[in-house]
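Asks: Dropping the structure in here first, questions after.
The values are calculated or read from the model by the stated rules, or taken from the named source; none is laboratory data. If you're wondering where the values come from, they're calculated on a predicted model, not measured in any experiment. Reconstructed Cβ throughout: ideal geometry from the backbone, glycine too, with neighbour counts over all protein chains shown. Remember, those area values only see protein heavy atoms, side chains included, never the ligands or the DNA or RNA. Shrake-Rupley method; radii C 1.70, N 1.55, O 1.52, S 1.80 Å.
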Amino acid sequence: MQSLQDKAAEWSGVDTTLAFAVDDDGVNLFQKLGLQTFINLSTNFYNRVYDDEEEWFRSIFGKSKKEEAIQNQYEFLVQRMGGPNFYSQRRGHPALIARHRPFHVTHEAAKRWLHHMQQALDTTSDIDDDSKIKLINFFRHTAYFLVAGVESRNQNQMPCKNASGSHPCKNF
């Protein structure tokens, strides 16, 4: 069976090595870019998402407040890119697949999400070209990692055979 990382690499077209170039020794993207750049990137991104012309895509985020989505994203990115662990302090372990499971995470949604992220990266000042490449490779791989993870979790759910029985329903 193909691992989630392998599926993400295949679907995204980004080799795992390139996807995790954000972890290269000697390059801490948080130190290089700074907190405000990640706040600006997340704000730029979510302004695009919430203004998307496609209702099906906007509806994925319909139950989320934009300000909270921005904060969650920039805190996650700051932590993931070598900065303080703001996200974990406030929300616990990132657990990306579990946190995205309630959303309609599909190949089409990942493609649309990446479209907005690429535009946000291209229009957020203070992000050099090398950092943009590292970030978009990370985002591409991670987006399809989430698709693979949500698909896998959904396939592994078994319906309750005897909901009125003494054994509770379980996910296997």
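Asks: Can you name the condition, by its number, that V14 falls short on among (1) out of contact with any Gly (no Cβ under 7 Å at 6 or more places or on another chain); (2) outside any loop (DSSP other than H, G, I, E, B)?
Replies: V14 satisfies every listed condition except (2).
Asks: Inside the stretch 67-88, can you point out the residues that are at pLDDT below 95, over 19 Å from T142 (Cα atoms) and assigned to a helix (DSSP H, G or I)?
Replies: Result: E68, F86.
Asks: Checking the conditions here, which among N137, N154 is assigned to a helix (DSSP H, G or I), open to solvent by 20 Å² or more (accessible area, probe 1.4 Å), modelled with pLDDT under 90 and out of contact with any Gly (no Cβ under 6 Å at 6 or more places or on another chain)?
Replies: On the way: N137 fails: modelled with pLDDT under 90.
The match here is N154.
Asks: OK, next. Evaluate the following for R91: is it within 12 Å of the chain's Cα centre (by Cα), on the phi < 0 side of the Ramachandran plot and at pLDDT below 95? Break it down into steps so the answer makes sense when it comes.
Replies: Details: within 12 Å of the chain's Cα centre (by Cα): no; on the phi < 0 side of the Ramachandran plot: yes; at pLDDT below 95: yes.
It is false that R91 is within 12 Å of the chain's Cα centre (by Cα), on the phi < 0 side of the Ramachandran plot and at pLDDT below 95.
Asks: Of everything in the stretch 1-45, what is surrounded by 15 or more Cβ atoms within 10 Å (Cβ to Cβ) and among the small types (G, A, S)? Give them in sequence order.
Replies: Hits for the stretch 1-45 are A8, A9, S12, A19, A21, S42.
Asks: When you scan the stretch 104-134, how many residues do you find that are open to solvent by 40 Å² or more (accessible area, probe 1.4 Å) and under 15 Å from A8 (Cβ atoms)?
Replies: 3
Asks: Just to be sure before I move on: is L41 in a helix (DSSP H, G or I) and modelled with pLDDT of 95 or more in the structure I sent?
Replies: Numbers: in a helix (DSSP H, G or I): yes; modelled with pLDDT of 95 or more: yes.
For L41, the condition - in a helix (DSSP H, G or I) and modelled with pLDDT of 95 or more - is met.
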